[in-house]
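Reading through the structure tokens given below for one structure.
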Amino acid sequence: MLLLESHSPLSFLGSQALVFLEPLFRMVGQGRFAEDWAQALEDRDIVEQIVRRIEADTL
């Protein structure tokens, strides 16, 4: 959770890195995984929702 919160300003860059590395993920059979995470990280609201869900589950 701390990792997500501290790196949320960089989430867009992470999504672009996943897009760039997607061909490598496809070679090992994880192309869909990279696509899904890249789309999720593009939107900062989704990152905040993930953090809220983790917080709700731990309480």
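The values are calculated or read from the model by the stated rules, or taken from the named source; none is laboratory data. Please read all numbers here as calculations on a predicted model, not as lab measurements. Using ideal geometry, Cβ is built from the backbone for each residue, glycine included, and neighbour counts are taken over all protein chains shown.
Below is a table of values for the structure above.
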| read-out | value |
| --- | --- |
| Where Ala40 falls short, out of the listed (1) surrounded by 11 or more Cβ atoms within 10 Å (Cβ to Cβ); (2) over 12 Å from the mean Cα position of the chain (by Cα) | (2) |
| Tally of residues being over 19 Å from Arg52 (Cβ atoms) and among the acidic types (Asp, Glu) across the range 1-35 | 2 |
| Subset of the range 43-54 that is among the acidic types (Asp, Glu) and surrounded by 11 or more Cβ atoms within 10 Å (Cβ to Cβ) - its residue that is modelled with the highest pLDDT | Glu48 |
| Residues of the range 22-36 that turn out to be under 10 Å from the mean Cα position of the chain (by Cα) and surrounded by 15 or more Cβ atoms within 10 Å (Cβ to Cβ), as a count | 2 |
